[in-house]
Amino acid sequence: MAASLVRLVRGGVNRTLNLSRNTALIQKRLETTTTETKPTVRPKDAVTHNQLSAFGEYVAEILPKYVQQVQVTCFDELEIMIHPDGIVPVLTFLRDHTNAQFRNMSDLTAVDIPTRPNRFEIVYNLLSLSFNSRIRVKTYTDELTPVDSSVPVHKAANWYEREVWDMYGVFFANHPDLRRILTDYGFEGHPFRKDFPLSGYVELRYDDELKRVVAEPLELAQEFRKFDLNSPWETFPAYRQPQDAPKLEAGDKPAAQ
């Protein structure tokens, strides 16, 4: 009798505790859903900003021959702009220095800005696992000037540089295997350049007689690259321009419909 009474009391207490916990969780979820109405934005950290600025100034003092500008963006990201001749020395310094240890190249890409004399901006994104920090190194070049390959410093740059060569036409000197990586054999042009047409120059189709894929010059049924600013509704027959109402002189009567 006493044992059954103890079990009953314990069961009631456990049910009460579980009910209170569930109620607290529901209230917490309701509070989070009602209060989080703004998008999540990384808060500004003055300490991190000052540390990045100090490290950027330190790199500029150590390598004044190559570093041209250092800046910290609004999201506390350090950017170092360097001369094209300093790609290998700067990346080697950032990889081997004790206070840097940026040993991982997470990305390498390019940006095409045709209005600049050096239209291509090469961007290296580096990661330091030791300090949980990232850095962005930028340099520049044009269509004809080659850039030193960073493969001797970071092996991961091999395919990244092949992609930049394929898409933008930036030539990397001393690259072990600089070939196209995304486009097909015999492709002409570089698709990510701003002056490359959206429709391209050739089209591919399967030829039943040759039993293979053939490339032919692109033929458009209409002039694709000319655009007008007229309303698109004018091409539909249901679209009607408002008719001009006839002007009536004094004393005239409207015509009978």
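FYI, it's all coordinate maths here, none of it is from the lab. Bear in mind the structure is a predicted one, so any value in this text is a computation, not a measurement. When we count neighbours, we look across all protein chains shown, and the Cβ atoms used for this are built from the backbone with ideal geometry, even at glycine.
Assuming R0 = 41 Å, can you tell me the calculated FRET efficiency for the pair A156 and L218, based on Cβ-Cβ distance, to the nearest 0.05?
With R0 = 41 Å, the Cβ-Cβ based efficiency is 0.70.
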Going residue by residue through region 48-60, the Karplus relation 6.51 cos²θ - 1.76 cosθ + 1.60 with θ = phi - 60° gives ³J(HN,Hα) values, rounded to whole Hz and with x marking Gly or Pro, of 4, 4, 5, 5, 5, 5, 5, 5, x, 5, 5, 5, 5
Honestly region 86-129 on the Cα gyration tensor test (a ≥ b ≥ c root eigenvalues; a/c under 1.5 rounded, otherwise a/b vs b/c for prolate or oblate) is just prolate
In whole percent, the Cα-Cα distances of region 65-193 spread across 5 Å bins from 0 upward as 2, 10, 20, 24, 20, 13, 7, 3, 1, 0
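Hey, with R₀ at 25 Å, roughly what FRET efficiency would N50 and H83 work out to, going by the Cβ-Cβ distance, to 0.05?
0.40
What length, rounded to one decimal in nm, is gained on full extension from R42 through to R103, with 0.36 nm per residue of separation minus their alpha-carbon distance? Working shown, then result.
Details: separation 61, 0.36 × 61 = 21.96 nm, distance 2.53 nm.
Fully extending the segment from R42 to R103 adds 19.4 nm.
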Which order do peptides 49-62, 173-186, 115-128 fall in by mean Cβ count within 10 Å, highest first?
115-128, 49-62, 173-186
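For the ranges 90-98, 198-206, 162-170, what's the packing order if you count other beta-carbon atoms within 10 Å of each residue, average per peptide, and put the highest first? Could you put the intermediate results ahead of the total?
Numbers: 90-98: 16.6, 198-206: 11.0, 162-170: 20.2.
Result, highest mean first: 162-170, 90-98, 198-206.
Estimate the FRET efficiency between E203 and L182 by the formula 1/(1 + (r/R0)^6), using the beta-carbon distance for r and 22 Å for R0, to the nearest 0.05.
Efficiency computed from Cβ-Cβ geometry: 0.80.
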